[in-house]
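Student: Take a look at this one; I'll ask things after.
The values are calculated or read from the model by the stated rules, or taken from the named source; none is laboratory data. Being a predicted model, the structure only gives us computed values, none of them experimental. Neighbour counts are summed over all protein chains in view; Cβ atoms, including those assigned to glycine, are modelled from backbone coordinates with ideal geometry.
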C-alpha cells in the first residue's frame, strides 16, 4: 500500500487530504466522507483493507475538521460541504480518470453524499451510507433541536449541545480512543451548525425518491444519534439497493464489535457492483 497526504483548495480554503493506493494501478476508487466532528484518518483501517482488494481510497477533512483550516466544528453553510466534496471528486478524477468511483459516507457524510447525488447522478457508480445522518436520532434532545432551529440564524456561533457521551461505540477502548483523539472536535455543537444539519436532513428527506444510484445502507440497531437509512431504502428509486442491520451496534460501525462483518459486507458489495459494471 502507498499512502500520501496532500492539500487542495476549495472555496479559497486549504483542505487536508490523503490517499491510499494499492501497489498496482487501482481497479476503482472509494471516496471517504467523514461525519461532523470527525476526520478522514479514522478511515485508515478500512482503507488498508480495501487497498488489499485493489481499490484506491481518497479522503479529506472538511473545513474546521481534522487537519484542515477553519473554525473547529463549525458549519456556516451545509452547501459548503457539498461544494467541497464536488471539488475533491474533481481532484480524484484528475488522478484516476478511467476507473469506477464509489463513495463511503459516514454519519453526516452520508447526508453530504445524498445531496451530491441529486446533482451528479451519473458521476458515481455506487454509494455506501454508513450510519446515515438523514434524520436525527432519539438521543438528540428535542429541546436542543428547537433551540438550534430558533436561534441558529440569529446567534449561529453560540454553543447549544455536546455530542451525547458514549454514543459512538459500545467497545470501551474504541469509545475512549475517539474521546482522546486530538483531531476529533470535542466541543459543543453551535446553534448555526445544528440548524444547518437539521435543514440539510429535512431537504434530503424530501428528495430521497430521486436517488437512483446503486447504494448500500449500513445501520446499527442501537444507533441513537441518527436515523433515516430505512426511509432511504424504501423511498429511493434505485433498483440496486441493499440494507444491512447490525444487532446491538451503536453509531460508528467501523469501530464496533461487528467491524469485521461490516468490512466484509462492504468488500462484497463493492465486488458485486464491479461485476455489474462489466
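Student: Please determine, by comparing only the residues of region 38-63 that are in contact with a helix residue (DSSP H, G or I) (Cβ under 9 Å, 6 or more places away or on another chain) and in a loop (DSSP other than H, G, I, E, B), which one is farthest from residue 110 (Cα to Cα).
Tutor: 53
Student: Exactly one of (1) within 23 Å of residue 116 (Cα to Cα); (2) assigned to a strand (DSSP E or B); (3) out of contact with any helix residue (DSSP H, G or I) (no Cβ under 6 Å at 6 or more places or on another chain) is unmet by residue 3. Its number?
Tutor: (1)
Student: Only one of these conditions is not met by residue 47: (1) at negative phi; (2) at pLDDT below 95; (3) touching a strand residue (DSSP E or B) at 6+ places or on another chain (Cβ under 7 Å). Which number is it?
Tutor: So residue 47 meets the others, but not (2).
Student: Spot the failing condition for residue 170; the list is (1) over 18 Å from the mean Cα position of the chain (by Cα); (2) under 22 Å from residue 62 (Cα atoms), and only one is missed.
Tutor: (2)
Student: Would region 22-39 turn up any residue that is over 23 Å from residue 218 (Cβ atoms), out of contact with any strand residue (DSSP E or B) (no Cβ under 8 Å at 6 or more places or on another chain) and modelled with pLDDT of 95 or more?
Tutor: Yes, some residue in region 22-39 is over 23 Å from residue 218 (Cβ atoms), out of contact with any strand residue (DSSP E or B) (no Cβ under 8 Å at 6 or more places or on another chain) and modelled with pLDDT of 95 or more.
Student: Filter region 223-257 for residues that are surrounded by 19 or more Cβ atoms within 10 Å (Cβ to Cβ) and without any contact (Cβ under 8 Å) to a residue 24 or more places away in the chain and give the result.
Tutor: Across region 223-257, the qualifying residue is only 233.
Student: Turning to a different aspect of this structure: Could you list, in sequence order, the residues of region 64-79 that are crowded, with 19+ Cβ neighbours inside 10 Å and not in a loop (DSSP other than H, G, I, E, B)?
Tutor: Selection gives 78 alone.
Student: Would you tally the residues in region 84-108 being in a helix (DSSP H, G or I) and either without any contact (Cβ under 8 Å) to a residue 24 or more places away in the chain or more than 15 Å from residue 121 (Cα to Cα) (or both)?
Tutor: The number of residues fulfilling the criteria is 10.
Student: Of all residues in region 80-109, count the ones that are at pLDDT 95 or above, out of contact with any helix residue (DSSP H, G or I) (no Cβ under 8 Å at 6 or more places or on another chain) and under 25 Å from residue 198 (Cα atoms).
Tutor: Number of matching residues: 6.
Student: Identify, please: which residue in region 109-134 is surrounded by fewer than 19 Cβ atoms within 10 Å (Cβ to Cβ) and without any contact (Cβ under 8 Å) to a residue 40 or more places away in the chain and is, among those, farthest from the chain's Cα centre (by Cα)?
Tutor: Checked region 109-134; the qualifying residue farthest from the chain's Cα centre (by Cα) is 122.
Student: List the helices (runs of 4 or more DSSP H) that sit entirely inside region 172-278 and contain at least 1 residues that are at pLDDT below 95.
Tutor: Those helices (runs of 4 or more DSSP H) span 191-205, 229-235, 259-277.
Student: Please go through region 258-278 and pick out each residue that is touching a strand residue (DSSP E or B) at 6+ places or on another chain (Cβ under 9 Å) and surrounded by 18 or more Cβ atoms within 10 Å (Cβ to Cβ).
Tutor: Selection gives 258, 262, 265, 266, 269, 270, 273, 274.
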